[in-house]
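Contents: one structure, followed by commentary.
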Amino acid sequence: MKQALHIVHTESSCGWGGQEIRILTEARGMIARGHQVTLLCPEEAPIFAAASKQGVPVQALPIARKGWRGMAAMRRWLQVNRGISLINTHSSTDSWLVALACAALRRAPPIVRTRHVSSTVPDNRPTRWLYRKAARHVVTTGEALRQQLHRDNGLPLAHLTSVPTGIDLSRFAPGDKSEARAVLGLAPEGLYLGIVSTLRSWKGHNYLLQAMTRLSAAHPDLRLLIVGDGPQRQNLEHKIAELGLGGKVVLVGQRDDVPLWLNALDIFTLPSYGEEGVPQAIMQAMACAVPVVSTTVGAIGEAVMDGETGILVAPRDADALYDALTKLISDSAMRMNMGQAGLARARQRFGTAAMLDKMEAVFFQTIDRG
């Protein structure tokens with residue numbers, strides 16, 4: 001039996017999405033394995049309340065912004081709380097604050113930096129110090145992100161490990177479609193297309209609505225379910241009205257029963273054009289045996305095998321999205337085959353246990369290298 005670790009996670013973001021969900025999933029998993037876990041984040045961040053609700057020990061620090069106050073608070077916390085095995089940072093701001101605080105301490109714990117998105121990392125001297133020196137190891141949520149940091153920033157591959165986000169395969173699993181629709185109050189017949197994500201511009205909802213104007217004309221029984229909430233909700237409400245899709249599109253809002261909504265769907269889509277890793281909603285849909293239409297950004301292609309578990313199209317292309325969705329809408333056998341292939345891939349690669357095994361190995365190796 002390996003030693004129990006005290007793992008400290010830091011998160012400066014005051015948003016909510018897949019990154020925050022992964023942190024809490026990983027934290028709960030490590031606690032279940034006998035490790036001690038502490039989360040440090042701003043009190044106003046949604047993850048603060050969510051951590052308390054989910055049984056993850058959390059403490060508030062003023063680390064939402066870069067600056068002396070946040071760095072000093074982090075340094076004081078580390079001075080008082082000794083015996084920490086390592087710190088796992090997650091966003092740019094907390095990574096800088098932790099790195100500078102640790103640099104000011106005589107005996108600082110090692111830093112593991114998890115990189116969740118594929119946005120460009122500046123190749124300048126301060127950032128090279130942050131990624132190569134301050135962080136003892138860097139984790140990415142997809143192999144494409146790992147190769148990007150190696151190619152564009154010169155980080156050695158040995159300094160980088162890809163650990164895809166794990167999902168709870170006991171919770172996200174195929175269910176009875178008719179039963180799911182009945183519970184949710186949806187019509188038992190017809191086709192349901194769905195997207196589950198925070199309502200952010202780069203998730204591609206506007207391109208989906210453009211495609212939906214043509215799809216709904218060709219397929220009158222098609223309905224689009226938009227699950228999630230976020231800063232773009234009002235804009236999407238206006239767009240739906242502008243396009244005359246009020247009877248065809250339903251803004252469901254934030255839901256805790258996502259597996260039920262996924263099991264009600266015939267097709268899942270996420271036409272993101274942003275800096276993705278592997279979005280959890282895609283893996284969740286696959287685990288529910290729902291075929292996926294998405295884009296070629298980030299590391300999405302590591303989950304969705306084009307032509308096998310779903311269809312990938314270029315980002316920001318409503319016409320290509322329309323064509324891909326039309327193929328699946330028109331072919332029930334293709335939907336079933338892709339859904340089953342996605343289920344098999346999710347079960348093989350995307351379970352929570354696999355993520356925890358890999359992260360645990362990274363943590364122990366990081367400590368051993370000290």
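The values are calculated or read from the model by the stated rules, or taken from the named source; none is laboratory data. A quick note: this is a predicted structure, and the numbers were derived from the prediction, not measured. All Cβ positions, even for glycine, are placed from backbone atoms using ideal geometry, and neighbour counts span all protein chains on display.
A single member of Ala285, Ala289, Ala314, Ala320 is more than 28 Å from Gly185 (Cα to Cα) and in contact with a helix residue (DSSP H, G or I) (Cβ under 6 Å, 6 or more places away or on another chain), and it is Ala314. Quick check on Ile47: is it under 20 Å from the mean Cα position of the chain (by Cα) and in the same structural domain as Lys358 (by TED's automatic domain parsing)? Answer is yes for this residue.
All of Gly301, Gly230, Gly277 fail the test of being touching a Gly at 6+ places or on another chain (Cβ under 7 Å), over 25 Å from Pro188 (Cβ atoms) and at pLDDT below 95, apart from Gly277.
Those helices (runs of 4 or more DSSP H) of the stretch 28-120 in which at least 2 residues are of a type in the set (D, E, K, R), at pLDDT 95 or above and out of contact with any His (no Cβ under 8 Å at 6 or more places or on another chain), considering only elements entirely within it, cover 68-80.
Residues in the stretch 281-313 that are within 16 Å of Ala173 (Cα to Cα) and polar (S, T, N, Q): 2 in all.
Every residue in the stretch 215-236 that is surrounded by fewer than 13 Cβ atoms within 10 Å (Cβ to Cβ) and in contact (Cβ under 8 Å) with a residue 24 or more places away in the chain, please.
Across the stretch 215-236, the qualifying residues are Ala218, Asp221, Pro231.
The criterion of at least 1 residues that are outside the structural domain of Leu24 (by TED's automatic domain parsing) is met, among strands (runs of 3 or more DSSP E) falling completely within the stretch 129-248, by 191-196, 222-227. Please indicate, with yes or no, whether at least one residue in the stretch 314-337 is under 23 Å from Arg22 (Cβ atoms), in contact with a Gly (Cβ under 9 Å, 6 or more places away or on another chain) and not hydrophobic (A, V, I, L, M, F, W, C). Yes, there is a match, as at least one residue in the stretch 314-337 is under 23 Å from Arg22 (Cβ atoms), in contact with a Gly (Cβ under 9 Å, 6 or more places away or on another chain) and not hydrophobic (A, V, I, L, M, F, W, C).
Just one of the listed residues (Asp306, Asp323) is over 23 Å from Thr141 (Cβ atoms) and modelled with pLDDT of 95 or more, and it is Asp323.
Within this structure, Ile7 fails the test of being buried (at least 19 other Cβ atoms within 10 Å of the Cβ), within 23 Å of Gly228 (Cα to Cα), at pLDDT 95 or above and among the hydrophobic types (A, V, I, L, M, F, W, C).
Considering only the stretch 265-303, state which residues are closer than 19 Å to Glu179 by Cα and among the hydroxyl-bearing types (Ser, Thr, Tyr). Those that are closer than 19 Å to Glu179 by Cα and among the hydroxyl-bearing types (Ser, Thr, Tyr): none in the stretch 265-303. Among residues of the stretch 183-214 being modelled with pLDDT of 95 or more and among the basic types (Lys, Arg), the one that is farthest from Arg316 (Cα to Cα) is Arg214. With respect to the conditions (1) closer than 30 Å to Arg28 by Cα; (2) touching a strand residue (DSSP E or B) at 6+ places or on another chain (Cβ under 9 Å); (3) not hydroxyl-bearing (Ser, Thr, Tyr), Asp323 lacks only one, and its number is (1).
Applying a threshold of 7 Å to beta carbon distances and a minimum spacing of six or more residues, or different chains, the list of pairs starting in the stretch 126-150 at a residue that is more than 21 Å from Leu97 (Cβ to Cβ) and ending at one that is surrounded by fewer than 16 Cβ atoms within 10 Å (Cβ to Cβ) reads His150/Leu157. Scanning the stretch 201-236 for residues that are over 18 Å from Ser272 (Cα atoms) and either of a type in the set (D, E, K, R) or touching a Ser or Thr at 6+ places or on another chain (Cβ under 9 Å) (or both) turns up Arg214, Leu215, Ala218, His219, Asp221, Leu222, Arg223. Considering each residue of the stretch 184-197 in turn, none proves to be without any contact (Cβ under 8 Å) to a residue 12 or more places away in the chain and within 30 Å of Val112 (Cβ to Cβ).
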